[in-house]
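The values are calculated or read from the model by the stated rules, or taken from the named source; none is laboratory data. Being a predicted model, the structure only gives us computed values, none of them experimental. Methodologically, a virtual Cβ is constructed for each residue, glycine included, from the backbone with ideal geometry; neighbour enumeration extends over all protein chains shown.
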Amino acid sequence: MNTTHHILTGQAKADTGISPMKRVLAQLSKMSEPFWLCLSCALFLIMGPFSIIAVLYGLWSLASEENRQKMIEPASC
């Protein structure tokens, strides 16, 4: 319940006796979501152009002579 309230309001309860280690862990937990967002976006941008290799191979295999012979044209009415 407390986590849901924190997410919805964006406010955490003020804790006056927080140790430095807890403060660091709190900052890391705040930064983890933006970090993973940026990392996944960067990986998508880096690896995105290489997906064209798989697409071209798939199109080439579909357009090969062997597959064209297997395809049957529908009868015209």
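Just a few scattered comments:
- Single unsatisfied condition, PRO20 versus (1) at pLDDT 85 or above; (2) in contact with a helix residue (DSSP H, G or I) (Cβ under 9 Å, 6 or more places away or on another chain): (2)
- Given (1) part of a helix (DSSP H, G or I); (2) of a type in the set (Val, Ile, Thr); (3) modelled with pLDDT under 80; (4) surrounded by 10 or more Cβ atoms within 10 Å (Cβ to Cβ), number of the condition ILE52 does not satisfy: (4)
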